[in-house]
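No lab work stands behind these numbers, since they all come straight from the coordinates. This structure is a prediction, so every number in the text was calculated from the model and none was measured. Cβ placement follows ideal geometry from the backbone for every residue including glycine, while neighbour counts extend to all protein chains displayed.
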Amino acid sequence: MKVKIHHRTFEYFGGECGIYKNDTPISFNYAKMDKSLLVSAINGMSREEAILAVTQLRDNSAEQTKLEAAPQNIGFPLLRRIPEPTPIGEVRAHIENTVRFSEAILRVLNEE
């Protein structure tokens, strides 16, 4: 995939990206990331805003790669989400891809 960030282009060869996110105010689940939408959003930001946003994405996804289980929903175990959140073992590699994709974007943003 060719990625153009602030007039600089790089190749990204990784697979699916995603993170756990709040799908309702009280529950988490894995969400696949649309890399094209992320790139578009970044290109609509100033370089400084983009660096902050992508750094936060990278840091959040890096923390999630360390999880032993899917994040617990607020109210657990009283309020159980059905179906249960996607197990971390099924999506850890995708979250790791998010870290790598974010780091590639940050390298480009820091070159300017």
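Couple of notes before you dig in:
- Members of Lys4/Lys66; Lys2/Lys35; Lys2/Lys66 lying beyond 19 Å, as alpha-carbon distances in this model show: Lys4/Lys66; Lys2/Lys66
- Relative contact order (%) - the chain, alpha-carbon pairs under 8 angstrom, separation at least six: 36
- Option label - Cα Rg over 2.2 N^0.38 Å computed here, alternatives (1) 1.04; (2) 1.11; (3) 1.16: (3)
- Gain upon complete extension [Asn60, Glu103; 0.36 nm per residue less C-alpha separation]: 14.2 nm
- Taking 7 Å steps out from each Cα toward its Cβ at Arg92 and Asp34 produces label points 3.0 nm apart.
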